[in-house]
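> First the structure, which I've put down as structure tokens, then a few questions once you've had a look.
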Amino acid sequence: MKIGIIGIGFVGLSFAAALGSKGYEVLAIDSDQDKVKKIKKGNTPFYEPSLSPLLQKALKRSLEVSSDTEKAVDECDLIFITVGTPATSKGGINLNSLRAVAKTIGQTLAKSKNKPIIAIKSTVTPGTNQAIKQIIEKESKKKSGKDFGIISNPEFLREGRAVDDTFNPHIVVIGGEDSKTINKVKKFYEGFYNFTIPYITTNTQTAEMIKYANNSFLATKISFINQIANICQSIPGTNVDDIAKAIGIDPRIGEQFLKAGPGYGGSCLPKDIKALISFSENCGQSPTLLKAVQTTNSQQVENLVSLMNKVLTSLRGKRISILGLSFKEDSDDIRESVSINLIKRLLKHKAKIVAHDPMAIENTRKLIGDKISYTKSVSEALKDSECVVIMTPWRQYTKLNNKDLQLMKNKMIVDTRRLLTKKKLDAKYYATGLGFDN
Ligand code: UGA
């Protein structure tokens, strides 16, 4: 069985590398030729732990990388589409890349004897698979279910954990219209994984909706615990992590995604909530809960600015150190990063920002340039600072100690991830979700 993967982002590249490393014949396609060149040399276009060595292993075994979509359509039995579906300005999703791929697939199928199965992994709102099927049918003048198969196969991997999540997914969802195609895809996965993973087979639109329900529920858990954290801050001595631990033991709640913080960011949760809100409104359903989740999330960064403004009296001209720029640890991704959002707000208040991140400085520099300064070490970032804000829970920030704090002009810490709660620090210490004494 030859596998095609169209779109080499986090999902596509991790999947291609995982399959190739196990000897599956894989053809990974991306229209971005610079990206293809880089990947062919074994270099990943973004930082993702363990992905580079896996990619190199896959390239040595059975992974081919190119920009030739026609070749994939002509030669592959199972083709995964993993192109991006970024947000539009109106909160929907931009399907341009997906539609372009569908058109090429259709036009190639028109001249080909191949009868591949197309599995859409890109996150798309219900009804999109149907629309893509129609594009392929129109361009190829062939019938789905007879001349090609089409499947919705949403993906649940996390950035920073992409390799592990690709090899050990918590679920495989396969949505389709005919059982023959569904069974072929299920068999492929059972060969790659094993039979212990839960497989959910359903119709296409339900599979599409599962992905939105999943990410929206995760976002809901985060906004819930953030709201509890905010209440805790008004009760001196309260600790949100103990509350999360206790409620997380209740199997009806579950312990994961209850870490209070500055709000969720990244290329997925904010975009998917937005898209589901817009989709729901178009269906005539008022998405009251989803909107509250979104509002609670955006409020978190405002709360941080208010706190700093209050404690420092004014932010104008104050040197503020920001530790962490990526939206989460083990990633250089700054898309919808709350840290970047915070920096933009602090700049409006005329604060002077000095930022540190082990991986995301290059990406941040491309976005905000020299409006802020960047440092290679945490101690450089702290020098003469009037407040240090821990935004991303990189492990190295847990090492911050009183010696480092000596470098500051005013010893004030805002710890949005509670990395330093166990330390006795000689500083004014404010942590998200810990009751303040003043
Ligand atoms: C998310 C989902 O977790 C994946 O299952 C999904 O496949 C992916 O979106 C996607 O749709 O492609 P990801 O965006 O990589 O994955 O990152 P998460 O681990 O979900 O974190 C998102 C944000 O929530 C981060 O800013 C993180 O710091 C924050 N977060 C997460 C919290 O504030 N508290 C938590 O308890 C968990």
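Each value in this text was obtained by applying a stated rule to the coordinates, not by laboratory testing. Everything numeric here is computed off the predicted structure, so don't read it as measured data. Using ideal geometry, Cβ is built from the backbone for each residue, glycine included, and neighbour counts are taken over all protein chains shown.
> Applying a 10 Å radius around every beta-carbon, put 154-160, 413-419, 232-238 in order of their mean neighbour count, most first.
Most protected by this proxy first, the peptides run 413-419, 154-160, 232-238.
> Would you please give the residues with an amide H less than 5 Å from that of Y374, counting only those at least 5 places away or on a separate chain, with H modeled from the backbone geometry?
Amide H neighbours of Y374: A355.
> When the chain is treated as a GNM, springs tying every alpha-carbon pair under 10 Å, which of T313, T206, T108 comes out with the largest mean-square fluctuation?
T313
> I would also like to ask the following. Take the alpha-carbon centre of segment 116-167, take the same for segment 261-297, and report the distance between them in whole Å.
23 Å
> Another question, then. Can you pull the one-decimal nm distance between simple spin-label points at K60 and K310, each 7 Å off the Cα toward Cβ?
Modelled inter-label distance: 5.8 nm.
> A further question follows. For L407, L325, which order do you get if you count the other beta carbons within 10 Å of each Cβ and list the fewest first?
Ordered from fewest to most neighbouring Cβ atoms within 10 Å, L407, L325 come out as L407, L325.
> So what's the convex hull volume per residue for the Cα atoms of the chain, in Å³?
Normalising the Cα hull of the chain by residue number yields 149 Å³.
> Report the label-to-label distance for K90 and K399 in nanometres (one decimal), using points 7 Å from each Cα along the Cα→Cβ vector.
In this crude spin-label approximation the distance works out to 5.1 nm.
> Would you work out the charge dipole size for segment 1-154 about its Cα centre, treating the Cβ of every Lys and Arg as +1 and the Cβ of every Asp and Glu as -1, and quote it to the nearest 20 debye?
The calculation lands at about 180 debye.
> Give the angle, between 0 and 90 degrees and rounded to the nearest 10, that separates the Cα long axis of helix 338-348 from the longest principal axis of the Cα atoms of the chain.
Roughly 50 degrees, rounded to the nearest 10.
> Right, another one. Listing L347, L63 from the residue with the fewest other Cβ atoms within 10 Å to the one with the most, what is the order?
L347, L63
> Which Rg and Dmax, in Å, describe the Cα atoms of segment 266-416?
16.8, 58
> At 0.36 nm per residue, minus the direct Cα-Cα distance, what do E362 and K291 gain on full extension? Give it in nm, one decimal, please.
The E362-K291 span can extend by a further 22.2 nm.
> Modelled label-to-label distance, M1 and S234, 7 Å Cα→beta-carbon offset: nm?
5.6 nm
> Moving to a separate point now. Looking at segment 80-170 only, what percent of DSSP beta bridges run antiparallel? Nearest 5 please.
10 percent
> Along the charge dipole of the chain, which of A381, Q285, P154 sits closest to the positive end, that is, farthest toward it, with unit charges on the beta carbon of Lys, Arg, Asp and Glu (+1, +1, -1, -1)?
Farthest towards the positive pole: A381.
> Using mean Cβ contacts within 10 Å as the protection proxy, how do 332-339, 178-185 order, highest first?
332-339, 178-185
> Follow-up question, since we're still on this one. Give the calculated FRET efficiency between A131 and F167 to the nearest 0.05, with a Förster radius of 30 Å applied to their Cβ-Cβ distance.
The computed FRET efficiency comes out at 0.40.
> Which angle from 0 to 90°, rounded to the nearest 10, does the C-alpha axis of helix 288-311 make with the longest principal axis of the chain?
Helix 288-311 sits at roughly 30 degrees to that axis.
> While we're on this one: To the nearest 20 debye, what charge dipole does the chain have about its Cα centre, counting +1 at the Cβ of each Lys and Arg and -1 at the Cβ of each Asp and Glu?
700 debye
> For P198, what charge total do you get from the other residues with a beta carbon under 14 Å from its beta carbon, if Lys and Arg give +1 and Asp and Glu give -1?
Here the charged neighbours net out to 0.
> Now a separate question. Using the Karplus curve 6.51 cos²θ - 1.76 cosθ + 1.60 with θ = phi - 60°, work out ³J(HN,Hα) for each residue of segment 103-112 in order, rounded to whole Hz, and write x for Gly and Pro.
With coefficients 6.51, -1.76 and 1.60, one gets 5, 4, 4, x, 5, 6, 4, 4, 9, 10 Hz.
> Next up: What length, rounded to one decimal in nm, is gained on full extension from C283 through to Y189, with 0.36 nm per residue of separation minus their alpha-carbon distance?
Fully extending the segment from C283 to Y189 adds 30.5 nm.
> Moving on to the next point. Less than 12 Å apart at the alpha-carbon level, and either on another chain or at least 8 residues along: which aspartates and glutamates does that give for K245?
Here the aspartates and glutamates satisfying the reach criterion relative to K245 are E255.
> Stretched out fully, how many nm does the piece from K245 to K350 gain, at 0.36 nm a residue minus the Cα gap?
Between K245 and K350, full extension yields 33.9 nm more.
> For the Cα atoms of the chain, what angle does the longest principal axis make with the long axis of helix 179-192, in degrees from 0 to 90, nearest 10?
Tilt of helix 179-192: around 60 degrees.
> To continue, here is another question. Can you give the helix-only mean residue ellipticity at 222 nm for the chain, where every DSSP H stretch with n ≥ 4 adds -39500 (n - 2.57) and the sum goes over all residues, rounded to the nearest 500 deg cm²/dmol?
When only DSSP H runs of four or more count, the value is -13500 deg cm²/dmol.
> Would you work out the charge dipole size for segment 289-432 about its Cα centre, treating the Cβ of every Lys and Arg as +1 and the Cβ of every Asp and Glu as -1, and quote it to the nearest 20 debye?
480 debye
> Let me ask something additional. Out of G266, N214, A360, whose Cα points farthest toward the positive end of the dipole of the chain (charges: +1 Lys, Arg; -1 Asp, Glu; placed on Cβ)?
A360
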